[in-house]
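Read through the structure below, which is laid out as structure tokens, and then see the notes.
The values are calculated or read from the model by the stated rules, or taken from the named source; none is laboratory data. Please read all numbers here as calculations on a predicted model, not as lab measurements. Glycine also receives a Cβ, built like all others from the backbone with ideal geometry; neighbour counts cover every protein chain displayed. Protein only, heavy atoms only, side chains kept; ligands, DNA and RNA dropped before computing areas. Shrake-Rupley method; radii C 1.70, N 1.55, O 1.52, S 1.80 Å.
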Amino acid sequence: MPRGAMAPLTFGARSLVTLSRQLLPAAVPVPNASPKYRVAIIGGGSAGVSVASQLLRKLPKSEHSQVAVIEPRDTHFYQPYWTMVGGLGLKVENSARPMESVMPLGVQWIKDKCSSFDPARNAITLASGQRLEYDVLVVAAGLQQNFSDIPGLAETLGKNGVASIYSYQYSPKVWENVVSMDAGRAIFTNPATAVNCGGAPQKIAYLAESYWRSRGVRDAIDIEFCTASPGIFSSPFYRQALEKLMLQKNITPSVKTNLVEVDGAAKLAIFEKEGGELITKSFDFLHVTPPMSAPDFVKNSPLANAAGFISVDKETCQHVEYPNVFSLGDCSSLPTSKTYSAISSEAPVVVHNVLSSLIGRGEAAPAAYDGYTACPILAGDGKLMLAEFNGYTMEPMPTFWPLDQSKTSRLFYFMKRFVFEQVYWHLMPLGLWYGKRMIFEPRCLPKKQNLPETSQAPLSSSVPPSIKAALRADLRRDPGAVSEHEGETVLYVKPETLGVVTPELPGDVSLAGSLPAHVVAQLAPRYQGWLYLNQAEHTDLHKEELEAVGCRLEVVPVPSPTSGSAPTAADAEAVLAAMARLPRPLMVQCTSGNRAGAALLLHDAKVQGRNRESAAVLARDLDLKFFTQCSECGPVRDWVLEQLPGEPSGDKNGHREMAGRSLVIQQLFDSQGSSTFTYLVGCTASREAVLIDPVLGMEERDLALIDELGFDLKYVVNTHCHADHITSGSAIKRRRPTVRTMISKASGAAADIKLKDGDKVAVGSYVLDALATPGHTDGCMTFVARGPGEPRAAFTGDALLIRGCGRTDFQQGDAGKLYDSVHSRIFSLPGDTKIYPGHDYRGRNMSTIAEERQYNPRLTKSKPEFVKLMQELGLPHPKLMSVAVPANMICGDQA
């Protein structure tokens, strides 16, 4: 036994080996790296160490030499400690430990820096020039602090009353300034970019306020919190509590106020307000949270999205293009708060999916991250608010229920001050900490609508048995996840092949027809509720499989279309009552899936207050088979529509002609700086409408017009990921929760619905055909209106402007691709089609296809001439680009 190590602790049949990494020998970098590893992990921070340590715990020692961590630093920092250095006067040295004491024993520590990625060849290049190959790559490179992005900041940092807790070097300077200040103005900033722990910029303000109050100088100090975001915290539940806390502490919040320059000698800070207005504020103490980004070698890599982060699926952490690449933590595109709490929940998912990839399941990573994150917000006075929430939905996810975690607590302060640090240093490097689940390893649940495919043949014999065994052990907690077939692992059947679908509606409801018992056993663990619409004695009801995993079952028989009996109003009431009672996620099952689709449509229509025509449009939009394809389902269609207000439907698909129906197009203009056109497109018959390219800050105007015209806003659609303004998609959803956002899947941006070329966006009796028109960006789309009377209108975004086009020198811009898109997809439309562009800078509103074919000075050139012209434009980047692109990648959600 190594000297100083604790004796192994046995829990059941499991050995924990030791209770602390700090009691084990130091790790040693490998003198010569191998040319290839099964798993290569970029980064030795909390994310990289968590994945490496958990992975080693699942693999036998014989496989440990096939796991490498690439980390050049000698020191590992516990960065959350720096807030307490700056706000409580703790010693900064306690936040640092030698990397050798944190690196998991047995891993191959390559003490070098990754300089580039070659994912097409499964290789990376190190700063030393060595090239390493891998089977699976995990990128956990963290964030870099960009102090120099703010003119004047780097030169004055650490002096002239300017400091930051986001630095080992300068966090003690924060405490020095807090202690020495007796009067004046203190400003605390928060940038427009992603940051480590989004609550830290205001934590330090609360701690400083508490200290000044304890010294009796608080009344002589004005405190202001300036944040570039529209709100002071992302989760509305905790935001309201924090707004009250700021009010109690007399701290002035200034939202949409971004620090852009510092004059340290003059003690002046220049801020930019929304719309470009610059304001200058004097200060005596300026605490700066710097702009942050993924490291440069990540930003400039083929793995990065337009915002510079590793582009991964938000559930599986798997790269959207390269299935054997995963990323977690701060450098990933996961649209949740960048905290260690989030990392501790992401790591088990990544480990599970890495093991899956190693045995050939990388095309469909099975485990899903649920968005959990947490921010322990030090509130001063020895209290703390433990903000736990879902970073995707922003809903609270409290661990310590029934305590109200929106209230500050001494218990939570004690945990932050004395417990979390010990957990970090002692358990995290051993792979024994799982965030919300603490030391209890969570069950890895499958990704919704994307369960892995069935293996049709035994796994390759080249896969080491030890890795297969590790995966089986990892999946033991997930009933039905794997089974044995001739000694080999048999994986999930893809649910789509069984008729299981999950329509994109609020409520997380799936639909299914008949399912065999073994498939129900596989699917049941991901559902909390199960509604069965056949008789209880039907052979397709597998009650034992559902009860085995605690899935709540209700049976509500609804007559099938071929039974000779039509469903009744009483049947509708029973279905609605059951769907209201049953927990989510919910499966609704019948023999063919048709009555299940009818139940879902009926429930949604009742909840949303839809009339018959609106419900019919929704059914067609979702392609519910009972409504759009089933020739025998007339009684079921009629049953649903008869429960709703409105006139009877005309044909079998629920269509009916209405007098005076037309498509309304209202053009709105952003005069505050971006010159963006927003379009309200509505059907007068159904009163449904969509909003195209809305601008943050203009949502009140847009919604007022929608209400004035009597429309029901259905979708917010973005033509692409904008660089010159922030979309108001998320802001509108907060005001109108039923609205669903849309953007092209190729953009990589977040939205409720991700569109592909050829998709159709239903607007009452009309549709908008989504045409992929890349070139300005990869994700650009043009939307062409179709419907009664053929309005012939095309919303071209930045692909085609009036007598111009979008630039092609950033965001995956490609002049040749843009030329082809316009000529083949847009100029091929009828000549009298009206062009509604995304911008205009010369006071023009609209053009036509015929005009642009003849007069557009750029696009009437030959392709080589056009490419040369676009390459020589030499335009400055949009001034809001560094703010707008990251925000638009998460649907503009900065709240």
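Observations on the structure shown:
- Single match in Ala572, Ala596, Ala580 (criterion: over 31 Å from the mean Cα position of the chain (by Cα) and of a type in the set (A, V, I, L, M, F, W, C)): Ala572
- Within the stretch 89-108, the residues that satisfy the criterion of being surrounded by 17 or more Cβ atoms within 10 Å (Cβ to Cβ) and hydrophobic (A, V, I, L, M, F, W, C) are Leu90, Val92, Met99, Val102, Met103, Leu105, Val107.
- All of (1) surrounded by fewer than 24 Cβ atoms within 10 Å (Cβ to Cβ); (2) under 26 Å from the mean Cα position of the chain (by Cα); (3) assigned to a loop (DSSP other than H, G, I, E, B) hold for Tyr369 with one exception: (1).
- Matching residues in the stretch 109-136 - criterion: being closer than 14 Å to Gly48 by Cβ and open to solvent by 30 Å² or more (accessible area, probe 1.4 Å): Lys111, Lys113
- Count of residues meeting criterion [assigned to a loop (DSSP other than H, G, I, E, B), aliphatic (A, V, I, L, M) and open to solvent by 20 Å² or more (accessible area, probe 1.4 Å)] in the stretch 213-250: 1
- Any hit, the stretch 115-127, residues being touching a helix residue (DSSP H, G or I) at 6+ places or on another chain (Cβ under 7 Å) and among the charged types (D, E, K, R): no
- Top-ranked residue of the stretch 516-531 - restricted to ones that are within 19 Å of Ala598 (Cα to Cα) and crowded, with 23+ Cβ neighbours inside 10 Å, ranked as nearest to the chain's Cα centre (by Cα): Trp530
- For the stretch 251-261, the count of residues that are closer than 16 Å to Leu378 by Cα and either open to solvent by 10 Å² or more (accessible area, probe 1.4 Å) or over 23 Å from the mean Cα position of the chain (by Cα) (or both) is at least one.
- Residue within the stretch 596-618 that is open to solvent by 50 Å² or more (accessible area, probe 1.4 Å), closer than 26 Å to Gly550 by Cα and not acidic (Asp, Glu) present: no
Listed here are the residues, each with its yes/no results for (1) exposed (fewer than 14 other Cβ atoms within 10 Å of the Cβ); (2) touching a Ser or Thr at 6+ places or on another chain (Cβ under 9 Å); (3) modelled with pLDDT under 75.
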position: Cys630; (1), (2), (3): no, yes, yes
position: Val636; (1), (2), (3): no, yes, no
position: Gln643; (1), (2), (3): no, no, no
position: Gly650; (1), (2), (3): yes, no, yes
position: Arg661; (1), (2), (3): no, yes, yes
position: Ile665; (1), (2), (3): no, no, no
position: Asp670; (1), (2), (3): no, yes, no
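- Residue satisfying all of: in the stretch 67-117; free of Cβ contacts under 8 Å to residues at least 40 places away in the same chain and in a loop (DSSP other than H, G, I, E, B); nearest to Arg417 (Cα to Cα) among these: Leu90
- Qualifying residue in the stretch 803-810 (condition: in a loop (DSSP other than H, G, I, E, B), closer than 17 Å to Thr773 by Cα, in contact with a strand residue (DSSP E or B) (Cβ under 8 Å, 6 or more places away or on another chain) and not charged (D, E, K, R)): yes
- When the stretch 506-542 is filtered for residues that are part of a loop (DSSP other than H, G, I, E, B), among the hydroxyl-bearing types (Ser, Thr, Tyr) and within 17 Å of Pro583 (Cα to Cα), only Tyr527 remains.
- Glu545 meets the conditions (1) in a helix (DSSP H, G or I); (2) open to solvent by less than 20 Å² (accessible area, probe 1.4 Å) in every case but one. The failed one is (2).
- Given (1) charged (D, E, K, R); (2) in a helix (DSSP H, G or I); (3) open to solvent by less than 30 Å² (accessible area, probe 1.4 Å), number of the condition Arg701 does not satisfy: (3)
Each row is one residue, and each column tells you yes or no for (1) in contact with a His (Cβ under 8 Å, 6 or more places away or on another chain); (2) modelled with pLDDT under 95.
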| residue | (1), (2) |
| --- | --- |
| Leu705 | no, yes |
| Glu708 | no, yes |
| Asn718 | no, no |
| Ser730 | no, yes |
| Gly748 | no, yes |
| Ala751 | no, yes |
| Gly758 | no, yes |
| Val767 | no, yes |
| Cys780 | yes, no |
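- Any hit, the stretch 493-505, residues being of a type outside the set (Phe, Trp, Tyr), modelled with pLDDT of 65 or more, within 33 Å of the chain's Cα centre (by Cα) and part of a strand (DSSP E or B): yes
- Residue that is surrounded by the fewest Cβ atoms within 10 Å (Cβ to Cβ) [pool: residues in the stretch 372-412 that are touching a residue at least 60 places away in the same chain (Cβ under 8 Å), within 30 Å of Val351 (Cα to Cα) and among the hydroxyl-bearing types (Ser, Thr, Tyr)]: Tyr392
- The sole residue among Ile849, Ile826 that is in contact (Cβ under 8 Å) with a residue 12 or more places away in the chain and within 28 Å of Asp752 (Cα to Cα) is Ile826.
- Annotation: of all residues in the stretch 730-765 being over 11 Å from Val716 (Cα atoms) and in a strand (DSSP E or B), the one that is most open to solvent (accessible area, probe 1.4 Å) is Lys760.
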